[in-house]
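To start, the structure itself, in structure tokens.
The values are calculated or read from the model by the stated rules, or taken from the named source; none is laboratory data. If you're wondering where the values come from, they're calculated on a predicted model, not measured in any experiment. In this analysis, Cβ positions are derived from the backbone assuming ideal geometry, glycine residues included, and neighbour counts consider all displayed protein chains. Protein only, heavy atoms only, side chains kept; ligands, DNA and RNA dropped before computing areas. Shrake-Rupley method; radii C 1.70, N 1.55, O 1.52, S 1.80 Å.
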Amino acid sequence: MKNPFRKDLVSRSRPEPCTVVIFGATGDLTHRKLVPALYNLQVEGALPAGVKMIGFARREKSDEEFRQGLEKLNKKVSRSGHDEAIWAEFAQNVHYHQSEFLDLDGYRRLSETLDAIDRERGGHGSRLFYIASSPSFFDDILENLKQAGLNQCNCGEGCWARVIVEKPFGTDLPTAQHLNRVVNRTFEEKDTYRIDHYLGKETAQNIMVLRFANAIFEPLWNNRSIDHIQITCSENLGMEGGRGGYYDKAGALRDMVQNHLLQLLSLVAMEPPTDLSADGVRDEKVKVLRSLRQWDTPELVEQNVVRAQYVAGHVDGENVVGYREEDRVDPESMTESYVALKILVDTWRWSGVPFYVRMGKQLPKKATEISIHFKEPPTVLFNALSGGVPGGNVLVIRIQPDEGISLRMVSKIPGSSLRMEPVKMDFHYSTSFGKGSPEAYERLLLDSMAGDATLFARRDEVEEAWKFIDHIERAWHEVKRPLKMSEYVAGTWGPKDADDLLARDGRKWRRL
Amino acid sequence: MMMQESVQDEYSLALGKEVPIASIDKELHLLWEADKASTNASLINLAVYSEADGAIIRNSEVVQAITREHACRALLIGIDREASEASIRAWVTAHCHLSQGRKSVCCEQIAFQLTGKATGRLRNTVFAHLNSDLPLVFWWQGELSPIFGERLYSLIDRFIFDSSDWKSPLESFRCIEQVMEEVETLQPMDIEWTRSYHIRYAIAGLFDDPLAMRAAERMNRVRIVAHPKHRVAALQLLAWMAACTGWQRSMDLGLMASSPDDHYYFESREGVDVTAVIELHPEGPPIRLIEVSCADCLVSVSREPGSAYLQQKLDAEGHVIDRCTPAGSEDASELVMNQLSMGGKNSLYRMMMPVFLDLLGGEPELPSTMSVR
């Protein structure tokens, strides 16, 4: 039975009442992102009445201590400010459950608590488990949820048990496959939500709208009109806050490219889905990932992938140390803080169109964007002009921080002679829509409560992405002759080798 | 003479530089050239129309607030139709806001003050200054007048009005209904309807609860307490409930109404008789209470006078939910902003409209002294 009063009230999936259990509840993600996201949803009245949140973690804490910690940070980071009255209401439904992740008894006690909540609430029984702990506990948490019988709903028709798994989802294909087996032994695939917060961002969601709701773009979205595509994610931070320990085990390729950037690539490259259902969209995305040409020999990796580490330099006017001098980083580390790849998508649509992807730490500024470089027009008409036509059209989709879309085109300079210059049409979300966008986690939490998995990665998507990444990792780390590790000065746009990667094809990186 | 000068000063102070009609475009260019650091942003044409004296000055402040969230080209239109002489004056200015503490984002505003017979000049002169290709959102303030004719509404994409301002809502709503039939692309946006958005949202949220849902088919009583000025909002709420649930008016029982409150009788799809009562209360918010109940379940959303929150309550078989949620603003400009944020085709309003008109037209309107408690 459907709630008749929800009809047409908002044009989005309807969230359902449930209890959200967060594993790793004393961590930064819970305090900075998840709880403020739930609070903001409550402020907007978007949370269904009766939603409760239980924080599951190892430290000894009372409910009150837990709430106070959350409140302290919510005051600092909440997008919509902090309203004492709303917080008081919200906090009433927040509880703390102390247990070791490996202690099955703790899960049984959790089960009793959840049952008590359900009895008090009149038998909803729907539960959303959010695994925000260290990835090393993912297996144990899932296994114990199953042992305690929490992986299924026992409250009759309509209730559900779902799990959200934070990144990283595995560290390579075998570990991802293993984790997928564990997850699928515990929860059905339809109840498994592998989160990639990039997909919760407005601009990422707007890629599909831009492509499929604008008749002028789709006819040009292919190898007849597009020369190449660049995806850049640059960060102006290094290994601050003790991040070096984790990062030195992961590296740029696994930390960012495997998930975020390949997800963006698949949104740009996918065919129009038959419908906007979760599987309709994900079927098309996975086809793109399956079509990636595999760089499966060291030679191919050497030709098409550049890795690099930063050395001491200046970022934002500050001196910064080199990657190998960073806190908790191995001085002999062979982990890349920068990666640039040429990716080929072997489909009818994209044959011959390279996708250049780059990601790096300690670059000059923070920015994530996709640029679509259209082919240059035939120069027949203007070939007599000195200098010719200055470049082709470029459509830029800015993901962060200044979300928006711009289109570069060529225009005549006023005057009696025919001279041309590129000009830019620019659309900024911040100036056109004054209202701030909701945080990605708000959208994603609401979707998972509503059972809408469109913006979450499916098992086959994750595994296909790892297949592509693993060949490169193997070439880097498992061959007798290690491939080159380039260097770049912190505060620059990466190594010369990355420029050469495009220069060999007669192209260059877009200036950000 | 002195009097006229002081009025002119007041206009210029609020509306910017007075310019000849023929030079509006040129003056707008000069405006932007004077401040190259600012970004001109626009997603819509927003026309604000009023026939009230001095409204154009107040509306400039309202538009200033709206442009914080909605980039637009604003056209302020003030008309004195009773004036004997026909005249038209115009002013240009820009409303600027600092975006994310960095850049100055500005929206241009053109204000027109018309007197006398104005229909032709409104269309020919005022609408010649629309930003091309951007939709026209037209905010009509006050009672509908003969100016609202085919030559005007055929230009409009979204029509904003506040039905709580209307003395004879039935007549005006019949007009809106006719326009909606005639121009299917015109989206009506009633501020009175937006006023009840948070309440509808809160009611829907409570019915997400399985116990409330189970009881939905048995619900047989609705009670709405509203401010007399907002009887239309109460009727729209009731019409929304009836349209969502499929309740049909039950005329036989309707004839039995005898109390000073508005009573309405429905029959649900399951054959349950539903009694609805609208009580008018002269103090407090537009909608003070909405209560839907049956023998074993009560769902209610209420708002205390002066409170910024709605209280959501559910009491079903001993299971109780009691929580507060923001009530939203009653300020017209904020409600317009909310409506603009929602975008869309306002399909719910179209769905509710036939039932609402039936309720509005089926009951004689009671004098406020009779219906106020």
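With respect to (1) in contact with a Leu (Cβ under 8 Å, 6 or more places away or on another chain); (2) of a type outside the set (Phe, Trp, Tyr); (3) within 14 Å of another protein chain (Cβ to nearest Cβ), the lone exception for B:HIS97 is condition (1). For the range A:178-194, enumerate the residues that are hydroxyl-bearing (Ser, Thr, Tyr) and outside any helix (DSSP H, G or I). Selection gives A:THR192, A:TYR193.
Could you look through the range B:192-216, keep only residues that are of a type in the set (Phe, Trp, Tyr) and facing chain A (nearest Cβ under 7 Å), and pick out the one that is nearest to B:LYS167 (Cα to Cα)? This residue is B:TYR201.
Scanning the range B:301-321 for residues that are modelled with pLDDT under 90, closer than 23 Å to A:ALA85 by Cβ and open to solvent by less than 30 Å² (accessible area, probe 1.4 Å) turns up at least one hit. Filtering the range A:259-298 to residues that are part of a helix (DSSP H, G or I) and over 22 Å from A:ASP447 (Cβ atoms) leaves A:ALA269, A:LYS287, A:ARG290, A:PRO298.
Here A:LEU381 fits the description: part of a loop (DSSP other than H, G, I, E, B) and either open to solvent by 60 Å² or more (accessible area, probe 1.4 Å) or touching a Lys or Arg at 6+ places or on another chain (Cβ under 8 Å) (or both). If you go through the range A:430-460 and keep only what is open to solvent by less than 30 Å² (accessible area, probe 1.4 Å) and within 14 Å of another protein chain (Cβ to nearest Cβ), you end up with A:SER430, A:THR431, A:SER432, A:LEU446, A:MET449, A:ALA450.
Here A:HIS124 clears all of (1) in a loop (DSSP other than H, G, I, E, B); (2) free of Cβ contacts under 8 Å to residues at least 40 places away in the same chain; (3) open to solvent by less than 60 Å² (accessible area, probe 1.4 Å); (4) within 14 Å of chain B (Cβ to nearest Cβ) except the condition numbered (2). Inside the range B:310-340, residues that are within 16 Å of B:ASP190 (Cβ to Cβ) and either facing chain A (nearest Cβ under 7 Å) or touching a Phe, Trp or Tyr at 6+ places or on another chain (Cβ under 8 Å) (or both) make up a count of 3. Across the range B:59-92, the qualifying residues are those that are in contact with a Leu (Cβ under 8 Å, 6 or more places away or on another chain) and among the β-branched types (Val, Ile, Thr), and the one among them that is farthest from the other protein chains (Cβ to nearest Cβ) is B:ILE88. State whether one or more residues within the range B:209-229 are under 18 Å from the mean Cα position of the chain (by Cα) and in a helix (DSSP H, G or I). Yes; the residues of the range B:209-229 include at least one that is under 18 Å from the mean Cα position of the chain (by Cα) and in a helix (DSSP H, G or I). Among residues of the range B:217-255 being farther than 18 Å from A:ASP8 by Cβ and β-branched (Val, Ile, Thr), the one that is nearest to the other protein chains (Cβ to nearest Cβ) is B:VAL222.
The C-beta contact set for the range A:15-38 (first residue more than 14 Å from every other protein chain (Cβ to nearest Cβ) and of a type in the set (Lys, Arg), second residue in a loop (DSSP other than H, G, I, E, B) and open to solvent by 10 Å² or more (accessible area, probe 1.4 Å), distance under 9 angstrom, 6+ apart or interchain) comprises A:LYS33/A:ALA132; A:LYS33/A:GLU439. Among the candidates B:ALA55, B:ALA37, the residue that is more than 17 Å from B:GLY343 (Cα to Cα), touching a residue at least 12 places away in the same chain (Cβ under 8 Å) and open to solvent by 10 Å² or more (accessible area, probe 1.4 Å) is uniquely B:ALA37.
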